[in-house]
Structure formats: structure tokens, C-alpha cells
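Novice: Once you've had a glance at the structure underneath, I'll fire off some questions.
Where a number appears in this text, it was derived from the coordinates with a stated rule and is not lab data. From a predicted model like this one, the values you see are computed outputs, not experimental measurements. Don't worry about glycine lacking a Cβ; one is built from the backbone with ideal geometry, like all the others, and counts go over all protein chains shown.
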Amino acid sequence: MKFPEFAEFQHEAMATRFALIIADQSPDYARQAATACFRELERLESELSRYVESSDIARANRLNLGETIVIGEDALHCLLLAADASLATDRAFDAAYASERSPAQPADAPLFTLDPLTHTLTSHTARLHLDLGAIGKGYALDRLAAVLTDWAITRACLHGGGSSVLALDPPTGQSGWPISIGEDPHQRILLLTRCALSGSGLAVQGEHLVDPRAQTTAQRRERTWALAPGAGLSDALSTAFFVFSDAEVAAFCATHPHVGAALAGADGKLMTHGALTARLD
């Protein structure tokens, strides 16, 4: 049986538009799988969005100093991923950067702690402010890919707005999913397979990107992109790369062989590092 090359499905969630491009499947089967993915997406938003009053993140943000709550599996895993990214980037990415420390709290003391065994989160500050906006869409893409795997769909490309892409296997006969970065005349094409690419910049968020290490507005003005094995990680790293210096980005990619970066210069030219360089078409 011969199927169309691909089918595309879209859904609004997390203040952006998600898209699934499914290859080498019948239209009806692809539509059923996409429906299951979008149900999962709505469930994730209800648990991870700080704007949903009953979500785990909103509940955590209402904690008083020393209080503890039980959180769900996805909030726990997303926060653990965020904590790992914060540690790896020396807090250039920090999901809790907007929290207010207590007067007597040391600058390097954790603002909250997680206990994976009991699925609990404890606040260690007077005003905890968790925001998964810079990692939540990527984490959702990783979860949607898991749903597609449950449906035995391996050839697909998942988009979270215009900032994050998770490529699974490409359509039969293709070497990868073509994804562009940069602007003309310096635009480049990457062929992605089994990896994620995320971008950060000022076009959508304006001046809202902050360097958590100095609590100041990031100095970079041009876009950055991060390539990583998963979309949650690439989401976090693209934000970290935006606040990193060029030298810090290069050093990070040199010590993390599965990570790549692209930095746009003021003239629009792209500087690439690590695993991303070899993927440019």
C-alpha cells in the first residue's frame, strides 16, 4: 500500500502552535496518532504552565518558605531536566531565576529542592517563581515523540512554535528533515535525524531574556540555536547560549560532543560550534 509522503497536523497550546508532520502512514492512522499527541499536550499544559492555577508549577509558586507539595511525574521530570541544564551551564539557564531570595539566604543556596522518591518539591525561599517557558515546549515535544513511538510511528518531525524542532526518522528515501537557520543571504539548511534544534532571540520575547547569573538583561542581540539529542535540552541550551559569551558557547560545545551551537553575528553571518557544524548542508 502506498501512502502520501507526509501529513501535517496543528494544535494551539502553551501560547504557541505545535505541528506534527508524520510520514509514511495512512492519513487516518496519522490523524488518530496526532489526536492522541494533542490530548497529551493539553494534559502537559495543565501540569506545567504557571498560568494554569491548578498546575503543579502554579501550586509550587504559591508555597511559603519551607513548605512542601507532591508533584506529578511530568513536573518532576521537567524540573529535574531543568536542574541538570542549570548545573551544566553554571546557571546561565535557570527556571527559578525570577525567585526572590530571603534576606539571610546565601546567594548559592538552592531556591527549591526535589525528592524523586517521594515526588515532592520543597521551597527554600520566601517567594518561589518557577517558569518552564524556556524548556516546557521542548519537554512537550519529547513527550509527544514518545506517544508517536507507542503508535509505532518513527518517521516524523515535531515543531513547537517557531523555536523548537524535534526530528525523528525522515521519510523513506530522505537523508533528514530539512530545517533552516539564519536569514538570507546567510541562511543555512540542516538535515536533522533523531535530534532536536531550538532557537532563542528577541523577536518574540523582546528584552525579556535575562542572564540569571548577573540578574541583568542579556547583552546579545542576535539569535542563537542549540542542537541536542532531546528537545527539552536543546530548548534550555538555546537560552543559555543567548546569555553566554561567544567563548563560553565554544567551550561548552567542546566539552559536550553531542551538543552544537550556531550564533548569528550582527552582519547575519553564522558561527557554528560542535555537533551542529557537521550537519550544515
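Novice: Which of Ser99, Ser163, Leu148 sits farthest toward the positive end of the charge dipole of the chain, with +1 on the Cβ of Lys and Arg and -1 on the Cβ of Asp and Glu?
Specialist: Checked the options; the winner is Ser163.
Novice: Looking at the chain as a GNM with Cα springs under 10 Å, which of His129, His159, His119 has the largest mean-square fluctuation?
Specialist: The residue with the greatest mean-square fluctuation here is His119.
Novice: Moving on to the next point. Modelling each spin label as a point 7 Å along the Cα-to-Cβ direction, I'd like the His129/Arg221 distance in nm, to one decimal.
Specialist: 2.6
Novice: Now, a different point. What distance in nm separates the simple spin-label points at Ala15 and Ser175, each placed 7 Å from Cα in the Cβ direction?
Specialist: 4.0
Novice: Please give the peptides 138-147, 267-276 ranked by average Cβ packing (other Cβ atoms within 10 Å per residue), highest first, as a rough proxy for protection.
Specialist: Taking the mean over residues of other Cβ atoms within 10 Å, the ranking is 138-147, 267-276.
Novice: Can you pull the percent of Cα pairs in the stretch 56-123 with separation above 17 Å?
Specialist: It works out to 42 percent of all Cα pairs.
Novice: Kindly provide the helix-only [θ] at 222 nm of the chain, computed as the sum of -39,500 (n - 2.57) over DSSP H runs of four or more divided by all residues, to the nearest 500 deg cm²/dmol?
Specialist: Taken over the chain, the calculation gives -9500 deg cm²/dmol.
Novice: So, R0 is 35 Å and r is the distance between the beta-carbons of His256 and Ser46; what FRET efficiency does that work out to, to 0.05?
Specialist: 0.60
Novice: Between the helical axis of 136-150 and the dominant principal axis of the chain, each derived from Cα atoms, what acute angle in degrees is found, rounded to the nearest 10?
Specialist: It is inclined by approximately 50 degrees.
Novice: Now for a separate question. When only alpha-carbon atoms count, how far does the chain stretch along each of its three principal axes, as whole angstroms with the largest first?
Specialist: The Cα atoms of the chain stretch 66, 43, 30 Å along the principal axes, largest first.
Novice: Length gain on complete extension for the stretch His77 to Gln105, per 0.36 nm per residue less the alpha carbon to alpha carbon distance?
Specialist: Length gained between His77 and Gln105: 7.4 nm.
Novice: What FRET efficiency comes out for the pair Leu280/Thr68, r = Cβ-Cβ distance, R0 = 45 Å, nearest 0.05?
Specialist: So, using R0 = 45 Å, E works out to roughly 0.40.
Novice: Students often check this: by mean Cβ neighbours within 10 Å, which of 175-183, 17-25 ranks highest, and how do the rest follow?
Specialist: So the order, starting with the most tightly packed, is 17-25, 175-183.
Novice: Next up: With r as the distance between the Cβ atoms of Thr120 and Asp90 and R0 = 35 Å, compute the FRET efficiency 1/(1 + (r/R0)^6) and round to 0.05.
Specialist: E(calc), rounded to 0.05, equals 0.85.
Novice: Using Cα pairs under 8 angstrom and six or more residues apart, how large is the relative contact order of the chain, in percent?
Specialist: Averaging sequence separation for qualifying contacts and normalising by length gives 16 percent for the chain.
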